[in-house]
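Undergrad: Structure below; questions to follow.
The values are calculated or read from the model by the stated rules, or taken from the named source; none is laboratory data. Please read these numbers as outputs of a predicted model, since none were measured by experiment. Virtual Cβ from ideal backbone geometry, glycine too; neighbours counted across all protein chains shown. Accessible surface areas use protein heavy atoms only, side chains included; no ligands, DNA or RNA. Shrake-Rupley method; radii C 1.70, N 1.55, O 1.52, S 1.80 Å.
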Amino acid sequence: MKNFKNTKFLPLVALLSFLLVGCNSDLMQVDPVQESLMDEEALMSQFNLKELTEMTDFANLREGDFTGRYLIIARNSNLPNNLNQRIKDAGGEIVKTFPEIGVAVAVGRSEDFFLKANRINGIESVTPDIILKYTEEPEISDFDMALEGSGSSINSSGNAFNYADAIFDGFQWAPSSIDAPQAWDAGITGEGVRVAVIDGGFHSSHIDLAPNLDMNSSTSTVPGFQFNQDTGTFWHGTHVAGIVAASGFGIVGIAPKATIIGVKSLHSGSGAFEWILEGILYAATPLSQGGGGAQIINMSLGASINYRDNWQEPGFRDFFRELQKIYDRATRYANQNGVTVIASAGNGATNHDVAKELFKLPAQNQFVLSISSTGPRGWVLGSTNFSDPAYYSDFGKSLVDFAAPGGTAGFAIVDGDFSPCTLIGTTRSSTQTCAVFDQVFSTIRGSTDGNYGWAQGTSMASPAAAGVVALMMEANGGHMTPAQVNARLRQSSTDLGKPGNDEFYGHGFVNAAKATGVN
């Protein structure tokens, strides 16, 4: 396994600032470049692919590593006839195809495969796939952010849902900030709605995830790992899944009876474009066709690319353009299958109306709803400013569609107040730095089947919005098209900030009670 940092591909890697992101503002329209295939010497100088071999070790992923695989895009929605033979003649091998979007994955078996494959009639491009970091939370201090909530007296099945009976009742401000309890009191819990969480590993035996996790449909697109494997004790995917649909034993998800489809497309926060692409397509494919059968996809992941400042760099230009097309095809496929795609807006504290050179993948692609983050400062001390924009959240009318609670440690990080506070819940209490409690409390891997912890980020806001959509779908008879979801969210979300479409809140701060017609 060779590292791109040892090749001339490094300038491209350096231009890709990978953050936790997501959005659904209009896709940047790039004027097509009328040009023939780049000069062979320039191509080889840019990518230096002679040195690179197929990746076989997926346990220790390093940012910039070439996977040894290439994403091949057909000129139209169909793959060329006899593609397998043509790729073989070029010195490669097709190892996977996504015929539904006209994309294939190949491995090069000869030094000149990349050049020869680019000349095949009917192929628009051949793009090397690389490993990049997709999930990074805003930097915070080393808080103790895990509590054990499991024990022999906790039964993970057979109990009726009652959110007030949750072990950590009183630890969650986020559901109340968007009036989710009003929907629950009306009997709306997201039951029957299927939400795919494309992320890292899922602790499948967690007492709050197991009741709602579709084990048969959950899958991993990361080679060599099951969907319920990852590293460390936090597990980003586990925390995100709990925000969507924790069942109410320890904590309560926004849609506590929705079905979770765990799709592991990252390992330890890193992954290949291919893995995420496959995750989207799998989740959006109906069960009857062998897919995950999701109605909602949540992606608390992504990439921020500075396309304008570096557009004249030929390698970067082509690399970016092709990735843009690939994700467009994937999110368009999801939309055509009636699947609502939601993603996090990003944690760069950047105004994208000003920083117009930035573009988010896959968040800013077609048919994706982007969610910014809010949170209180000093909740345990009595603050109720739950809808205040989080200090780290990316913003801008060109980026944000809606806002949701994602938590914030701003009381400490921005205000410099690291004083301790004690949170007294219904059955449990905890003493932490005050700012810890302003974050989002959810399921984590921990060391047992019942651990919980705090985190902040648009990664936490996106699944909150996904949970609201799940509640809304149940209230609407179990199904809504993406267009109907967007329209209903615009109608029901609370208009904050400047009237109308606002740079921090988009079309508003989501509200579960209004979205479901309860209020």
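Undergrad: State all residues of region 427-443 that are surrounded by fewer than 24 Cβ atoms within 10 Å (Cβ to Cβ) and among the small types (Gly, Ala, Ser); if no residue qualifies, say none.
TA: The answer is Ser429, Ser430.
Undergrad: A further question on this structure: Looking at Gly291, is it open to solvent by less than 10 Å² (accessible area, probe 1.4 Å), closer than 20 Å to Met460 by Cα and not aliphatic (A, V, I, L, M)? Break it down into steps so the answer makes sense when it comes.
TA: Values: open to solvent by less than 10 Å² (accessible area, probe 1.4 Å): yes; closer than 20 Å to Met460 by Cα: no; not aliphatic (A, V, I, L, M): yes.
Answer is no for this residue.
Undergrad: Can you find a residue that is touching a Leu at 6+ places or on another chain (Cβ under 8 Å), surrounded by fewer than 21 Cβ atoms within 10 Å (Cβ to Cβ) and at pLDDT below 95 anywhere in region 329-342?
TA: Within region 329-342, not a single residue is touching a Leu at 6+ places or on another chain (Cβ under 8 Å), surrounded by fewer than 21 Cβ atoms within 10 Å (Cβ to Cβ) and at pLDDT below 95.
Undergrad: Name the single residue that is nearest to the chain's Cα centre (by Cα) among those in region 216-237 being open to solvent by 40 Å² or more (accessible area, probe 1.4 Å) and of a type in the set (Gly, Ala, Ser).
TA: In this case the residue turns out to be Gly232.
Undergrad: Would you point out the residue of region 163-188, among those that are open to solvent by 40 Å² or more (accessible area, probe 1.4 Å) and hydroxyl-bearing (Ser, Thr, Tyr), that is nearest to Ala404 (Cα to Cα)?
TA: That would be Ser176.
Undergrad: Then there is this: Hey, can you tell me all the residues within region 259-273 that are outside any loop (DSSP other than H, G, I, E, B) and not aliphatic (A, V, I, L, M)? Steps first, please.
TA: Here is the first cut: in region 259-273, the residues outside any loop (DSSP other than H, G, I, E, B) are 259-264, 267, 270-273.
Residues satisfying the conditions are Thr259, Gly262, Lys264, His267, Ser270, Gly271, Phe273.
Undergrad: I've got another one for you. Quickly run through region 189-209 and pick out the residues that are touching a residue at least 60 places away in the same chain (Cβ under 8 Å) and either open to solvent by 30 Å² or more (accessible area, probe 1.4 Å) or more than 23 Å from Thr340 (Cα to Cα) (or both). Outline the logic, then answer.
TA: Narrowing region 189-209 to residues touching a residue at least 60 places away in the same chain (Cβ under 8 Å): 189-203, 205-209.
Selection gives Glu191, Gly192, Arg194, His203, Ser205, His206, Ile207, Asp208.
Undergrad: If you don't mind, there's one more thing I want to ask. Could you give me the residue pairs with C-beta distances under 6 Å whose first residue belongs to region 495-519 and is touching a residue at least 60 places away in the same chain (Cβ under 8 Å), whose second residue is open to solvent by 20 Å² or more (accessible area, probe 1.4 Å) and among the small types (Gly, Ala, Ser) wherever it lies, and which are 6+ apart or on separate chains?
TA: Leu496/Ser387; Phe504/Gly497; Tyr505/Gly497; Phe509/Ser387; Thr516/Ala475; Val518/Ala186
Undergrad: Quick check: anything in region 444-454 at pLDDT below 95, aliphatic (A, V, I, L, M) and in contact with a strand residue (DSSP E or B) (Cβ under 6 Å, 6 or more places away or on another chain)? Explain how you work it out, then say what you get.
TA: Taking region 444-454 and keeping what is at pLDDT below 95, we get 444-454.
Filter once more, keeping what is aliphatic (A, V, I, L, M): 444.
Those still in the list that are in contact with a strand residue (DSSP E or B) (Cβ under 6 Å, 6 or more places away or on another chain) too: 444.
Yes, because at least one residue in region 444-454 is at pLDDT below 95, aliphatic (A, V, I, L, M) and in contact with a strand residue (DSSP E or B) (Cβ under 6 Å, 6 or more places away or on another chain).
Undergrad: Of the residues that sit in region 355-414 and are of a type outside the set (A, V, I, L, M, F, W, C), assigned to a loop (DSSP other than H, G, I, E, B) and closer than 15 Å to Thr494 by Cβ, which one is least open to solvent (accessible area, probe 1.4 Å)?
TA: Taking region 355-414 as the starting set, the residues that turn out to be of a type outside the set (A, V, I, L, M, F, W, C) are 356-357, 360, 362, 364-366, 370, 372-378, 382-385, 387-389, 391-394, 396-398, 401, 405-408, 410.
Subsequent filtering for residues that are assigned to a loop (DSSP other than H, G, I, E, B) retains 356-357, 362, 364-366, 375-378, 382-385, 387-388, 391-394, 396-398, 401, 406-408.
Filter once more, keeping what is closer than 15 Å to Thr494 by Cβ: 384-385, 387-388, 401.
Working: Thr384: 104, Asn385: 46, Ser387: 34, Asp388: 64, Asp401: 11 Å².
This residue is Asp401.
Undergrad: Then there's this: Determine whether region 238-251 contains at least one residue that is among the hydroxyl-bearing types (Ser, Thr, Tyr), closer than 30 Å to Gln182 by Cα, open to solvent by less than 10 Å² (accessible area, probe 1.4 Å) and outside any loop (DSSP other than H, G, I, E, B).
TA: Looking through region 238-251, at least one residue is among the hydroxyl-bearing types (Ser, Thr, Tyr), closer than 30 Å to Gln182 by Cα, open to solvent by less than 10 Å² (accessible area, probe 1.4 Å) and outside any loop (DSSP other than H, G, I, E, B).
Undergrad: I've got another one for you. Among the residues of region 431-484, write down those that are without any contact (Cβ under 8 Å) to a residue 40 or more places away in the chain and on the phi > 0 side of the Ramachandran plot.
TA: Gly477
Undergrad: Which of the residues that make up region 210-237 are in a loop (DSSP other than H, G, I, E, B) and within 17 Å of Lys133 (Cα to Cα)?
TA: Just the residues of region 210-237 that are in a loop (DSSP other than H, G, I, E, B), to begin with: 214-218, 221-235.
Within region 210-237, Thr221, Val222, Pro223, Asp230, Thr231, Gly232, Phe234, Trp235 meet the criteria.
Undergrad: Being open to solvent by less than 60 Å² (accessible area, probe 1.4 Å), within 27 Å of Lys133 (Cα to Cα), at pLDDT 95 or above and not in a loop (DSSP other than H, G, I, E, B) narrows it down to one of Ile101, Ile72, Ile87, so name that one.
TA: On the way: Ile101 fails: not in a loop (DSSP other than H, G, I, E, B); Ile87 fails: within 27 Å of Lys133 (Cα to Cα).
Going through Ile101, Ile72, Ile87 in turn, just one is open to solvent by less than 60 Å² (accessible area, probe 1.4 Å), within 27 Å of Lys133 (Cα to Cα), at pLDDT 95 or above and not in a loop (DSSP other than H, G, I, E, B): Ile72.
Undergrad: Of the residues Ile207, Ile280, only one is of a type outside the set (Gly, Ala, Ser) and either under 26 Å from Ala59 (Cβ atoms) or not in a loop (DSSP other than H, G, I, E, B) (or both); which?
TA: Being of a type outside the set (Gly, Ala, Ser) and either under 26 Å from Ala59 (Cβ atoms) or not in a loop (DSSP other than H, G, I, E, B) (or both) holds for just one of Ile207, Ile280, which is Ile280.
Undergrad: Write out, first by first residue and then by second, each pair whose Cβ atoms fall under 6 Å of each other, whose residues are 6+ apart or on separate chains, and whose first residue, in region 165-188, is over 17 Å from Thr426 (Cβ atoms) while the second is surrounded by fewer than 15 Cβ atoms within 10 Å (Cβ to Cβ).
TA: Here the result reads Gln182/Asn519, each pair linking region 165-188 to a residue that is surrounded by fewer than 15 Cβ atoms within 10 Å (Cβ to Cβ).
Undergrad: May I pose another question? Which residue is modelled with the highest pLDDT, if the candidates are limited to region 104-148 and must be small (Gly, Ala, Ser) and in a loop (DSSP other than H, G, I, E, B)?
TA: Taking region 104-148 and keeping what is small (Gly, Ala, Ser), we get 104, 106, 108, 110, 117, 122, 125, 141, 146.
If we keep only those that are in a loop (DSSP other than H, G, I, E, B) as well, we get 110, 122, 141.
Details: Ser110: 89, Gly122: 93, Ser141: 44.
So, considering only residues that are small (Gly, Ala, Ser) and in a loop (DSSP other than H, G, I, E, B), the one modelled with the highest pLDDT is Gly122.
Undergrad: Something else: Considering each residue of region 447-504, count those that are among the β-branched types (Val, Ile, Thr) and either open to solvent by 30 Å² or more (accessible area, probe 1.4 Å) or over 19 Å from Phe367 (Cβ atoms) (or both), and give that number. Step through it out loud before you land on a result.
TA: Let us first name the residues in region 447-504 that are among the β-branched types (Val, Ile, Thr), namely 448, 458, 468-469, 481, 485, 494.
This time we only want the ones that are either open to solvent by 30 Å² or more (accessible area, probe 1.4 Å) or over 19 Å from Phe367 (Cβ atoms) (or both), so: 448, 481, 494.
Total satisfying the criteria: 3.
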